[in-house]
Amino acid sequence: MAGNADLTAAERYFGAIRAALDGLDVFLNNQQSPLYKHDLVAQTVSEYLRRLEASFECWRNRIGFTDRFQISRAESGFPVFQNVLELENDKRDTRARLAAIPPAAALRNEMADFILRHRAFPRDLQKSMAERIYLETVEQGEVFSPFILPVTIRVSVNPKTMRPLYVVHWGAFDGASNLPLIYMAIIEDSSQGLVETLVGKDGKLNPGVRIPLPVGGLLNPELARRFDDFAAKNSAYSLSPITIATSLDTDFPELHPKQLRRVVLGPFYTTGITEHNQKVADVLERVRKPEDAWLLTWTMQEVFSKAERPGKRGLWSSEPSREEFYINTDDLEAARQGVSSYEQHALVPHEAYQALYASGEASRVFSGFKTHILSNGQVISDI
């Protein structure tokens, strides 16, 4: 979609992506969903979905007064990074810009007066109204920023190591691939002060310490700012999960990453707008309802530590403990991605799946994917 794309194409795109994100949210909260069993994963991804939905609502309102909106047509289907940056910049100065635009009621009165006086449509006033609606939407919602700071959402104790254990998540919109990324990490902390404060003699979390979760940043205040910087610099899609986990293990001797998950949202395909396999395009174009002619994919990647190599303390030098991460070398794709395991998922409306199935293309198109069908507000999996 170019910057001067017509409004009909834009509305079709926004309708399709909204339906796709709503469908993914249904899947995440479905009791039969494999992610529902991992409640923290489903809850975390849903939180970032709400941010994405807020961003798309802002972008939809924005095209009412500017034509600067562009999506990455190939291997993404999401807005280009420039749109994400502009939204973040607009978020910083909404109050000043809103103060320079008349209130909505005054604009409506001016528009009615203009129509009566000039027998014409007040396009400039309409743009001012659209800009006000956009800025009010930006001001109200949490959007998907270029980088979303880490948050600690769970704290416990590993009884085997007697260390505090954190579950932390953060997000990033990758500027090279134009894809939203969600990270979740399980990290042990061997910092002496935190161990003494948080771990009781019984090997459980000290009941005398009150932790008001969620906590912005890493729970360890001495490492929180450095961890934020690390996450901001090491969240690119081009970095494999094993590279990120190894760097975290190396850069923070006190932190011991036991698991790192990455959820890659996209690519998203919709007929007439994104670029995809021609056979898929031919099938999707036969779908009667344009809002149902879409396909959303996502990938879940995981790398975990199979063991911790103990540190060494010598008279002249010492070596911190290191994690030994497992890479499934029996799976060439897992080895290429740098992960212990991965899952590829596809969500498709019922009518679009029927068209693919009738054409005999369904098995080829969805080869290697766990397929989920959105039908009447419900998601059917294991197809």
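The values are calculated or read from the model by the stated rules, or taken from the named source; none is laboratory data. No experiment lies behind these values; they were computed from the predicted model shown. With ideal geometry, Cβ positions are generated from the backbone for all residues, glycine too; neighbour counts draw on all protein chains shown.
Worth a mention:
- One residue from 63, 71 being farther than 24 Å from residue 184 by Cα, more than 19 Å from the chain's Cα centre (by Cα) and not hydroxyl-bearing (Ser, Thr, Tyr): 63
- A single entry from 163, 68 fulfils the requirement of being farther than 25 Å from residue 268 by Cβ and basic (Lys, Arg): 163.
- As for the stretch 270-291, it holds no residue that is in contact with a Phe, Trp or Tyr (Cβ under 7 Å, 6 or more places away or on another chain), at pLDDT 95 or above and of a type in the set (Ser, Thr, Tyr).
- Just one of the listed residues (231, 224, 185) is over 30 Å from residue 61 (Cα atoms), out of contact with any Phe, Trp or Tyr (no Cβ under 9 Å at 6 or more places or on another chain) and aliphatic (A, V, I, L, M), namely 224.
- Only listed residue being surrounded by fewer than 22 Cβ atoms within 10 Å (Cβ to Cβ) and either not aliphatic (A, V, I, L, M) or not in a strand (DSSP E or B) (or both), chosen from 125, 135, 165: 125
- One residue from 379, 303 being among the hydrophobic types (A, V, I, L, M, F, W, C), crowded, with 19+ Cβ neighbours inside 10 Å and at pLDDT 95 or above: 303
- Selection within the stretch 13-44: residues that are in contact with a His (Cβ under 9 Å, 6 or more places away or on another chain) and surrounded by 18 or more Cβ atoms within 10 Å (Cβ to Cβ). The member of this set that is modelled with the lowest pLDDT is 27.
- Number of residues in the stretch 52-88 that are out of contact with any helix residue (DSSP H, G or I) (no Cβ under 7 Å at 6 or more places or on another chain), small (Gly, Ala, Ser) and at pLDDT below 90 equals 1.
- Scanning the stretch 168-185 for residues that are of a type in the set (Ser, Thr, Tyr) and either modelled with pLDDT under 95 or assigned to a strand (DSSP E or B) (or both) yields a single hit, 183.
- Neighbours by Cβ (under 6 Å, 6+ apart or cross-chain): first from the stretch 116-133, free of Cβ contacts under 8 Å to residues at least 60 places away in the same chain; second part of a loop (DSSP other than H, G, I, E, B) and surrounded by 10 or more Cβ atoms within 10 Å (Cβ to Cβ): 132/101
- Among the residues of the stretch 240-257, those identified as out of contact with any helix residue (DSSP H, G or I) (no Cβ under 8 Å at 6 or more places or on another chain) and surrounded by fewer than 21 Cβ atoms within 10 Å (Cβ to Cβ) are 242, 243, 246, 250, 253, 254.
- Selection status of residue 139, of a type in the set (Asp, Glu), out of contact with any Pro (no Cβ under 6 Å at 6 or more places or on another chain), farther than 30 Å from residue 299 by Cβ and touching a residue at least 40 places away in the same chain (Cβ under 8 Å): yes
- Filtered by the rule that a residue be within 12 Å of residue 156 (Cα to Cα) and out of contact with any helix residue (DSSP H, G or I) (no Cβ under 7 Å at 6 or more places or on another chain), the stretch 198-212 gives 198, 199, 200, 203, 204, 207, 211.
- Residues in the stretch 257-275 that are under 30 Å from residue 244 (Cα atoms) and of a type outside the set (Ser, Thr, Tyr): 257, 258, 259, 260, 261, 262, 263, 264, 265, 266, 267, 268.
- For the stretch 112-122, the set of residues classified as of a type outside the set (Phe, Trp, Tyr) and in a helix (DSSP H, G or I) consists of 112, 113, 115, 116, 117, 118, listed by residue number.
- Among residues of the stretch 235-252 that are touching a residue at least 60 places away in the same chain (Cβ under 8 Å) and over 21 Å from residue 175 (Cα atoms), those with a Cβ under 6 angstrom from a residue that is surrounded by 18 or more Cβ atoms within 10 Å (Cβ to Cβ) and among the charged types (D, E, K, R), sequence gap 6+ or separate chain, pair up as 249/323.
- The conditions of being within 30 Å of residue 275 (Cα to Cα), assigned to a helix (DSSP H, G or I) and not aliphatic (A, V, I, L, M) are met by residue 86.
- Taken together, 213, 219, 194 contain a single residue that is at pLDDT below 95, touching a Pro at 6+ places or on another chain (Cβ under 8 Å) and not charged (D, E, K, R), which is 194.
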